[in-house]
Amino acid sequence: MSSVGAVVACLEEFAPSNLAEHWDNVGLLVGDRSWPVERIMTCLSITPAVLAEAIQGKAQLIVTHPPLPFHAVKTVNSDSTVGRLLLKLIAAQIAVCSPHTAFDSARVGINQHLAIGLGLQEIAPMIPANGSDPEVGSGRFGTLAEDLTLLQLVARVKSFLGIESLHVVGRDEQVVSRVAIACGSGGSFLAQAVELKCDGFITGETNYHTCLEAEARNLALVLPGHFASERFALLSLADYLTDLLPGVEVWASRTEQDPLRRL
């Protein structure tokens, strides 16, 4: 048997909280470090359906990607979705921990997994973190072993993430050789991708005006969706925690799904 505090310490070593963005809310968010842990569920986001699964599965800790709560709350009551979720978590004595953007930027974090999975070489952070380790920081960029057309890059992204469709900005035949990556909602990294002389940029989602800017810059933009660009890593995290915590059962949420559908 482990404890909430021991699992939080493992996550801190894996994804140090000092790597999180200044606006983020990471670490132990709900619960007591002394609580025992025998069952852990990982998920991309805590929703009513995901929480119901955790309760039914008798999870004692949920490791989520975006934090809950994300923003400061002044009241915890049933008038809001966040309040209702927090009340149910506390009643069920389920702790919540979120590594969020620290997980994105870690040495073996989400963006690094994406970069490796898509075949990039000479991988480096788009914005290196302060410190001596050059392999940690925000986003990733690298070069492809061989030039690809935008259509070929799209096929590779679909295959790795296991999705059937996505959004793109650019011409089908546009050649891509140097690619920037930012999981989730990474449109704010567009200027950095241009500065790094990338001709391709993969991020989960962004807004219309960022798409227009990418088009104006002749930067091929691939948008697989926020969910798809991060969900795969929570499966890997469950495996990682299983190996690290003998005697603790860890599973990735089986009910979680993308709230967006393409009809």
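The values are calculated or read from the model by the stated rules, or taken from the named source; none is laboratory data. Note that the structure is a prediction, hence the values are computed from the model and not measured. Every residue, glycine as well, gets a Cβ built from its backbone with ideal geometry; the counts of neighbours run over all protein chains shown. Accessible surface is based on the protein model in full, side chains and every heavy atom, while ligands, DNA and RNA are left aside. Shrake-Rupley method; radii C 1.70, N 1.55, O 1.52, S 1.80 Å.
Residue-by-condition table, conditions (1) surrounded by fewer than 16 Cβ atoms within 10 Å (Cβ to Cβ); (2) touching a Gly at 6+ places or on another chain (Cβ under 8 Å):
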residue: Val8; (1), (2): no, yes
residue: Leu11; (1), (2): no, no
residue: Val26; (1), (2): no, no
residue: Arg33; (1), (2): yes, yes
residue: Met41; (1), (2): no, yes
residue: Thr64; (1), (2): no, no
residue: Pro69; (1), (2): no, no
residue: Asn77; (1), (2): yes, yes
residue: Ser80; (1), (2): yes, no
* Asked: Mind checking which pairs have a first residue in the range 214-227 that is touching a residue at least 60 places away in the same chain (Cβ under 8 Å) and a second that is part of a loop (DSSP other than H, G, I, E, B) and of a type outside the set (Val, Ile, Thr), Cβ under 6 Å, 6 or more apart or different chains?
  -> Ala220/Gly170; Ala220/Gln174; Pro224/Leu166; Phe227/Asp258
* To do: May I ask you to verify whether Glu135 is at pLDDT below 95 and farther than 19 Å from Tyr240 by Cα?
  => yes
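So which strands (runs of 3 or more DSSP E) stay within the range 177-256 end to end and still have 3 or more residues that are under 17 Å from the mean Cα position of the chain (by Cα) and crowded, with 22+ Cβ neighbours inside 10 Å?
On the way: elements: 200-205, 220-223, 249-252.
Strands (runs of 3 or more DSSP E) meeting the threshold: 200-205.
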* Go through the range 149-182 and count every residue that is aliphatic (A, V, I, L, M) and free of Cβ contacts under 8 Å to residues at least 40 places away in the same chain. => 3
* Asked: Among Asp147, Asp79, which is the only one that is under 22 Å from Asn218 (Cβ atoms) and charged (D, E, K, R)?
  -> Asp147
* Please enumerate the residues belonging to the range 130-176 that are more than 29 Å from His100 (Cβ to Cβ) and either open to solvent by 60 Å² or more (accessible area, probe 1.4 Å) or charged (D, E, K, R) (or both). => Ala145, Glu146, Asp147, Leu151, Gln152, Arg171, Asp172, Glu173, Val175
